[in-house]
Amino acid sequence: MAIRTSYLAGVALALLLVGCKSADATGPGGNNNNNNNNNNNNNTPNTVTIASFAFSPDTMTVTAGTTVTWKNNDTVTHTATADDASFDTGDIGSSASGAHTFAAAGTITYHCAIHPSMHGVIKVTP
């Protein structure tokens, strides 16, 4: 009887420990949405998220002197390249970022040089 009680206590303890580890791995309440997915919501000022072969937001308005950052959440390399060749982030690998500071007012359209179907617009105000 003592062996059975010890065995059941051991199983209960193991389940408790596994349950605690699972809760820690996924965040409070077991919600896995807190693990660096905020970039998909684009909560970072002046950041364009690249995901699913698209720029988000596809149009951004900033004031002159602002640095815009492109964060690549895709598994492939992208660029942010001005249509008028006024800027080019170069290759932005998966999970990497590229940036450009916009000094003058104007509207700059851009694309991904690797995937020309991807387009965006930066509107720079004085």
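The values are calculated or read from the model by the stated rules, or taken from the named source; none is laboratory data. Treat the numbers as computed from the prediction; the structure is a model and nothing was measured. Heads up: the accessible areas ignore ligands, DNA and RNA and are worked out on the full protein's heavy atoms, side chains in. Shrake-Rupley method; radii C 1.70, N 1.55, O 1.52, S 1.80 Å.
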Amide H contacts under 5 Å for T49, restricted to residues at least 5 apart in sequence or on another chain and with H modeled in the peptide plane, are S56, K71
Considering only protein heavy atoms, what per residue accessible area in square angstrom results for the stretch 45-126 with a 1.4 angstrom probe? 47
Taking amide H positions as placed 1.01 Å from N in the peptide plane, with prolines and chain starts having none, which residues 5 or more places from A99, or on another chain, fall under 5 Å of its amide H? W70
